Each structure stands twice: as C-alpha cells, then as structure tokens.
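The values are calculated or read from the model by the stated rules, or taken from the named source; none is laboratory data. Keep in mind that what you see is a predicted model, and the values were worked out from it rather than measured. All Cβ positions, glycine included, derive from the backbone under ideal geometry; neighbour counts span all protein chains shown.
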Amino acid sequence: MSTNATTEAGTPLLEVRDLRKHYQSPGSWISRRKASKVYAVDGVSFSVAAGETLALVGESGCGKTTTGKSILRLIEPTSGMVRLNGRDLLSLDAGAMREQRREMQIIFQDPYASLNPRMTAGELVAEPLRNFGVSNGAQRNERVAWLFSKVGLRPEAMKKLPHEFSGGQRQRLGIARALALNPKLIVCDEPVSALDVSVQAQVINLLTDLQAEFGIAYLFVAHDLAVVRHISHRVAVMYLGKIVEIAGRDTLFSAPLHPYTEILLSAVPVPDPRVRTQRRLLKGDPPNPAAPPSGCRFHTRCPMAQARCAEEEPVLEQKTAGQWVACHFR
Ligand SMILES: Nc1ncnc2c1ncn2[C@@H]1O[C@H](COP(=O)(O)OP(=O)(O)OP(=O)(O)O)[C@@H](O)[C@H]1O
Ligand code: SF4
Ligand SMILES: [Mg+2]
C-alpha cells in the first residue's frame, strides 16, 4: 500500500511519517554569514517490518544520520510522526521514552567513540542491564557471558579495556551492548565503514546471523552499495533531506527508476567481468541544504531535468509493485 513494510499481519514495527529536522544555524558576525535554517531531513516517510533490513543510502550530508537519531529521539525532530509497534514515540515524556529505548538501539561507525574508555568490556555490556533493572549480579554476569559468545568474543575479553581491542572486536562489543536488552530494532549507522574489508564481512555476517536468530529489524545506513546489496531487503535512497526512491533490493539494483539512483548505482562494480557498465558521475557539488533548490531538489544536477523540474516538486509515487519514485518523468 505505501512506501512501507506493512505486512499481512498489520502494523509495521517502525513507521515514520513526514519526519523533519531543521537545524537553526547561527549567523556569524565575523564571516558575515546570516543565520539560516538547515533542512537536514525534510519530510521523510518509510516503515520497517519486524525482522527486516531497510538500507538508507545517499551522499554525505543528505540526512541519513539525522534520520536515524531523530527516530530514537537522540536528537529531537522538528515535526513528523514516529511509531514503534503502533506507539507514537514523539509524544512520550522522558521516562516513557527511556522505556521504549529498550526496544531500539543504535550502533555507530566508530564504536570507540561511543564506549567509555575506562570501563572493561564486561562492565560495558553489563551497563544497559544494570540501567534497566537487572539487579541480580549473577544473572547479569550470565547474560553478559552469553552476549559475548553470541557476538564471537572470548570470555577472557571481558576484562579488557576498549583500547585493547581491534576495530572489528570493538564493533562486536558495540553490538553486544546493543543486543543486551533484546531490542526489536537496531539503527546501524555505517557500522562497518571504518573496518578493514575482511573484517567488514565478518561483522556483516554476524549482523545477519543475529537477525535470523532473534528477528531484529535494522535501519542500515551505509555508503557502500556492495554491502547494502548483500544485507538489505529494501533500500531507500535519500537526496538532500528527502527520499527519492524506495524499493525492494533486487528491483532497486536491477531496475532503478530515479535518475539519482541510476547514477549512484553506476558506480557499483559488477561481479561479472563480461558485463560492462558505464560509470556516470554526478555533476557539481551537492546543493546547500540551507537553501535547497526549488521544485525537484535534484534538478541542478539531473541529466534529465526539464523546465517543470525547477518549478514543481515531484511526489513519491508508486511506479511498479513496491517501487516508489519521486520524479516527474519516470
Ligand atoms: N547539529 C547540527 N547543526 C546544524 N546542521 C547540522 C547538524 N548536524 C547535521 N547538520 C547538517 O545536516 C545535514 C545532514 O547531516 P547528516 O549527518 O544527517 O548527514 P549524513 O547523510 O549522515 O552524512 P554522512 O554520510 O557524511 O554521515 C548536513 O548538511 C549537516 O551539515
Ligand atoms: S523530477 Fe526532473 S530533475 Fe527531478 S529527478 Fe526527475 S527529471 Fe530529474
Ligand atoms: Mg552520517
């Protein structure tokens, strides 16, 4: 029915409607820059089903992290609706929101930055359990040991400090912490971008195994489209604060419709050497999100743009089954 993942069972796990986050950027007297509004996320709608991976892709600065953090209310969205299991998160007070956070976690690109360097790995994984009322020390220790085994860390690793781990091990530690309270949704913000390619595959496989075992849904933010192709069920493509295309993974990679998606995908290497693809480059830099172009935001860089594109904003419409595209001419 929509850009969403509503299943026959009814309500999707996560439902996001018309989400906006506008930052107020202060002016500077020294550089004579005027105060302005940055339209970081500007009317984004999608949903994620239980156990599903929705990838969020797009150029740097298009609003992926802001979307992920707004959903968890790690930053307060300007407006919109976010429902988790039908519950309206944006209307909750701090206490009720804290309870909801048991169900939704986030993993960052740089796990080191999000881990307290003075706590041992065991303490770090026990922390969310302690915060959410698992007061019995023996139960906590048992759960921590189980979490360590689930993410492939040895029990001896519990006594180590974060700096004593490799990048891949630290990301495993971040995943163990995220898993501690049995979440239904994990926002993964570039979780493998900082890792070596060989380690990336291990962490990706760990995430897919955990999804298969526990039915966790992922909102998976990534630059690397090869990783996205491997891990996602559906893909949403963002451009300058808006979703321009959302489709099932196979449809998106084999028959993209939005001109921006086509250009993004032309840069992905094809495994079959007999298939020659023509790499196309985006012309120009991304526009300033404080002064987005009129009409279709992509019109300043779109190879298909026509006069109408600068005047009228295209709406996200269903073009083929499950494939939603915002373009006047597709
Ligand atoms: N605290 C802030 N104040 C003002 N502008 C911000 C703030 N945080 C982010 N922005 C702006 O909002 C836009 C979206 O940023 P965001 O970090 O969500 O992008 P992103 O898609 O995650 O990029 P990347 O791929 O580089 O991580 C950017 O233009 C960014 O400069
Ligand atoms: S609406 Fe126009 S500018 Fe926007 S993607 Fe389509 S053709 Fe390009
Ligand atoms: Mg980001």
Scanning segment 175-207 for residues that are loosely packed, with under 14 Cβ neighbours inside 10 Å, part of a helix (DSSP H, G or I) and not small (Gly, Ala, Ser), the one nearest to ligand 1 (Cβ to nearest atom) turns out to be 197
Quick one: count up the residues across segment 23-72 that are farther than 26 Å from residue 281 by Cβ, of a type in the set (Lys, Arg) and either without any contact (Cβ under 8 Å) to a residue 24 or more places away in the chain or within 16 Å of ligand 3 (Cβ to nearest atom) (or both). 4
Can you give me the ranges of the helices (runs of 4 or more DSSP H) entirely in segment 220-330 with at least 3 residues that are touching a residue at least 24 places away in the same chain (Cβ under 8 Å)? 225-231, 249-254, 259-266
With criteria (1) part of a helix (DSSP H, G or I); (2) modelled with pLDDT under 95, residue 148 comes up short on (2)
Can you name the residue in segment 50-67 that is among the hydrophobic types (A, V, I, L, M, F, W, C) and not in a loop (DSSP other than H, G, I, E, B) and is also surrounded by the most Cβ atoms within 10 Å (Cβ to Cβ) among such residues? 56
Between a residue in segment 75-87 that is among the β-branched types (Val, Ile, Thr) and part of a strand (DSSP E or B) and any residue that is buried (at least 17 other Cβ atoms within 10 Å of the Cβ) and modelled with pLDDT of 95 or more, which pairs come within a Cβ distance under 6 Å, given they are 6 or more apart or on different chains? 82/16; 82/71; 82/89
Evaluation of residue 125 against (1) under 22 Å from the mean Cα position of the chain (by Cα); (2) in a helix (DSSP H, G or I); (3) closer than 30 Å to residue 227 by Cβ; (4) not basic (Lys, Arg) (one fails), failing number: (1)
Given (1) modelled with pLDDT of 95 or more; (2) buried (at least 17 other Cβ atoms within 10 Å of the Cβ); (3) more than 16 Å from the chain's Cα centre (by Cα), number of the condition residue 159 does not satisfy: (2)
